[in-house]
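Asks: The following block contains the structure, expressed as structure tokens.
The values are calculated or read from the model by the stated rules, or taken from the named source; none is laboratory data. Computed from a predicted structure; not experimentally measured. Note that we place each Cβ from the backbone using ideal geometry, even for glycine, and neighbour counts take in every protein chain shown.
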């Protein structure tokens, strides 16, 4: 979640060096850094649920889910972001020594009121420049709603929306679950867990 931005150009190398010693996380976009704000309980729980579900599903598959403390480098857009969950199935990410991944297959962002427009707009535009990315998922933390943007065979991004009572599918990693599993313990008034 973006809190504030810097006013001077920062090189990617200086950004990465600064992140190693910083007490707070920053995202990097084309020479500017943005301090990350904290998250709500619902946001944290939904992110954790998504990561656990994906980890359990992907165990032994060669794909690895990463949580919010691992950056995703989007080279073509000159950005480093901290998505809530990212999955890489690329050997280059597994064998790299960096504290970021470069070849995400799936990215999941839990929407916050203050960042939803950026996540849907400029951040999604940056993510779309990644040749490895096949799906971009936005999970609403205020109501049961998941938007999955999937790259089709022609390279176009197609929206697959999911709502209460449906099974969510992330085709990029052959994953499916009841939407309620993503929201377990996060929004009890909106979800029936029985």
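Asks: Within the range 162-172, how many residues turn out to be assigned to a strand (DSSP E or B) and either under 22 Å from residue 82 (Cα atoms) or in contact (Cβ under 8 Å) with a residue 60 or more places away in the chain (or both)?
Replies: Kept after step one, since they are assigned to a strand (DSSP E or B), are these residues of the range 162-172: 162-163, 167-170.
Narrowing further to those that are either under 22 Å from residue 82 (Cα atoms) or in contact (Cβ under 8 Å) with a residue 60 or more places away in the chain (or both): 170.
Final tally of qualifying residues: 1.
Asks: Please list, ordered by first then second residue, the pairs with beta carbon atoms under 6 Å, 6 or more apart or interchain, first in the range 30-42 and closer than 15 Å to residue 119 by Cα, second in a loop (DSSP other than H, G, I, E, B).
Replies: Going by the 6 Å Cβ cut-off, the qualifying pairs are 36/1; 36/25; 37/1.
Asks: Where residues in the range 116-130 are in a loop (DSSP other than H, G, I, E, B) and touching a helix residue (DSSP H, G or I) at 6+ places or on another chain (Cβ under 8 Å), which of them is surrounded by the most Cβ atoms within 10 Å (Cβ to Cβ)?
Replies: To start, the set of residues in the range 116-130 that are in a loop (DSSP other than H, G, I, E, B) comprises 121, 128-130.
Then drop every residue that is not touching a helix residue (DSSP H, G or I) at 6+ places or on another chain (Cβ under 8 Å), which leaves 129-130.
Numbers: 129: 13, 130: 22.
My answer is 130.
Asks: Same structure, new question: From the list 133, 138, 159, pick out the single residue that is in contact with a strand residue (DSSP E or B) (Cβ under 6 Å, 6 or more places away or on another chain) and part of a loop (DSSP other than H, G, I, E, B).
Replies: 133
Asks: Does the range 141-150 hold any residues that are surrounded by fewer than 18 Cβ atoms within 10 Å (Cβ to Cβ) and either part of a strand (DSSP E or B) or at pLDDT 95 or above (or both), and which are they?
Replies: The initial filter retains those residues of the range 141-150 that are surrounded by fewer than 18 Cβ atoms within 10 Å (Cβ to Cβ), namely 142-143, 145, 147.
Of everything in the range 141-150, those that are surrounded by fewer than 18 Cβ atoms within 10 Å (Cβ to Cβ) and either part of a strand (DSSP E or B) or at pLDDT 95 or above (or both) turn out to be 145, 147.
Asks: With 47, 61 as the choices, which residue is touching a residue at least 24 places away in the same chain (Cβ under 8 Å) and assigned to a helix (DSSP H, G or I)?
Replies: Step by step, each of 47, 61 is checked, and only 47 is touching a residue at least 24 places away in the same chain (Cβ under 8 Å) and assigned to a helix (DSSP H, G or I).
Asks: Any idea which of 137, 144 is within 12 Å of the chain's Cα centre (by Cα) and either under 25 Å from residue 177 (Cβ atoms) or in contact (Cβ under 8 Å) with a residue 60 or more places away in the chain (or both)? Give the steps one after another, and end with the answer.
Replies: On the way: 144 fails: within 12 Å of the chain's Cα centre (by Cα).
Result: 137 is the single residue among 137, 144 that is within 12 Å of the chain's Cα centre (by Cα) and either under 25 Å from residue 177 (Cβ atoms) or in contact (Cβ under 8 Å) with a residue 60 or more places away in the chain (or both).
Asks: Residues of the range 81-97 being touching a strand residue (DSSP E or B) at 6+ places or on another chain (Cβ under 8 Å) and either part of a loop (DSSP other than H, G, I, E, B) or surrounded by 21 or more Cβ atoms within 10 Å (Cβ to Cβ) (or both), which ones?
Replies: Within the range 81-97, the subset touching a strand residue (DSSP E or B) at 6+ places or on another chain (Cβ under 8 Å) is 81-90, 93-94.
Across the range 81-97, the qualifying residues are 81, 82, 83, 84, 85, 86, 87, 88, 89, 90, 93.
Asks: Quick check on the range 87-105. Is at least one of its residues under 19 Å from residue 33 (Cβ atoms) and under 10 Å from the mean Cα position of the chain (by Cα)?
Replies: No: zero hits.
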